[in-house]
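Have a look at the structure below before the remarks.
The values are calculated or read from the model by the stated rules, or taken from the named source; none is laboratory data. Source: prediction; values computed, not measured. Don't worry about glycine lacking a Cβ; one is built from the backbone with ideal geometry, like all the others, and counts go over all protein chains shown.
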Amino acid sequence: MQACPELKPFLRAHPLGGETVDFAEPLAVKWLNRALLKAHYGVEQWEIPDGYLCPPVPSRADYLHHVADLLAVDAGSVPTGPKVQALDIGMGANCIYPILGARIFGWCFVGVDVDPVAVKCGKQLVSANRNLAGKIECRLQTDARAIFQNVTSRGERFTFSLCNPPFHASREEAASGTMRKLRNLGGGVKPARPVLNFGGRANELWCDDGEAGFIRRMILESVELPELCVWFTTLVSKKGSLPLIERVLRRVKTADVRTLTLFAGQKQTRVVAWTFLTAAERRERLIDKVKG
């Protein structure tokens, strides 16, 4: 509350005692994120345009901590500092993964997005916070069907990539999911209209073939650039997406695949990670990151 007094109007009595945030209110979610970023990560300025995705900070930080643990398996300990170069596919106007990764671990990021507004906002967020200077680069992906191609240079290398892909296959599916979520937040009461409490534009919420189709394209494109990243990773929101993803990964003959489970309250999601490098090759590329 001290970090963000603007959050006070959105507090409600909790049935079990104390107070809770009214998560059905989009402004409440935004102010809560601002409070968390300021209080725990030293981010003084954080603003996103109306209607753009406003992600829950704790679950985004959890993804990064799981990736850090994955890197530590090969490196011997969690690699920190600017030698760790990360590639964020679908950075979004919120720039949340680069911001958190830079503040928690000191990593450097290249954030990529197909939306020029999102790229512009990412650059503005970096400029507005001096403790992010030199740690985040924002690039525009001009080919909506490309993932890694077109935004990375020949010979460029990253420690890992990460992605929170659009998980719906259509606008209608996204609206249905929003109504279901709002009913849960409202204790089963059907909302009058599907207000997106976490926001989200079309390219952030849905794409052709949905989450599984997007990740399939990502895997197939990673085959063409096997040394681009030590580990390629992506969030998988739907358990039903896993069979297709696992079949594709078996077909392309990766060196290793890991599925990491994340918990956020009662919600369970997964991070799928794959690599084309042997354990020895991964150690060789990661060891200097620990020393750095």
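Points worth noting:
- Pairs meeting the criteria (first residue in segment 256-283 and closer than 24 Å to L244 by Cβ, second residue polar (S, T, N, Q) and assigned to a loop (DSSP other than H, G, I, E, B), beta carbons under 7 Å, at least 6 apart or on different chains) are T269/S237; W274/T254; T275/T254; F276/T254.
- Whichever residue in segment 143-182 is at pLDDT 90 or above and among the aromatic types (F, W, Y) and, among such residues, is surrounded by the most Cβ atoms within 10 Å (Cβ to Cβ): F160
- Residues of segment 113-130 include at least one that is under 21 Å from S237 (Cβ atoms), under 16 Å from the mean Cα position of the chain (by Cα), crowded, with 22+ Cβ neighbours inside 10 Å and modelled with pLDDT of 95 or more.
- Against the list (1) touching a helix residue (DSSP H, G or I) at 6+ places or on another chain (Cβ under 7 Å); (2) part of a helix (DSSP H, G or I); (3) surrounded by fewer than 19 Cβ atoms within 10 Å (Cβ to Cβ), the condition P49 fails is (2).
- Among the residues of segment 259-292, the one identified as aromatic (F, W, Y), farther than 14 Å from V67 by Cβ and modelled with pLDDT of 95 or more is F276.
- Applying the criterion of being surrounded by fewer than 24 Cβ atoms within 10 Å (Cβ to Cβ) and under 16 Å from the mean Cα position of the chain (by Cα) to the residues of segment 101-112, the residue that is farthest from A39 (Cα to Cα) is V110.
- Pair list, Cβ < 8 Å and 6+ apart or interchain, from segment 83-111 residues that are farther than 22 Å from Q149 by Cα to residues that are of a type in the set (D, E): K83/D288
- Odd one out for A24, checked against (1) touching a residue at least 60 places away in the same chain (Cβ under 8 Å); (2) under 15 Å from I96 (Cβ atoms); (3) in contact with a Pro (Cβ under 9 Å, 6 or more places away or on another chain): (2)
- Checking segment 238-256 against the condition returns no match, with no residue being of a type in the set (G, A, S), closer than 30 Å to E47 by Cα and either modelled with pLDDT under 95 or touching a Cys at 6+ places or on another chain (Cβ under 9 Å) (or both).
- Residue in segment 215-223 that is under 20 Å from A68 (Cα atoms) and among the β-branched types (V, I, T) present: no
- Test: residue in segment 211-232 that is part of a helix (DSSP H, G or I), within 30 Å of P116 (Cβ to Cβ), within 15 Å of the chain's Cα centre (by Cα) and among the charged types (D, E, K, R): yes
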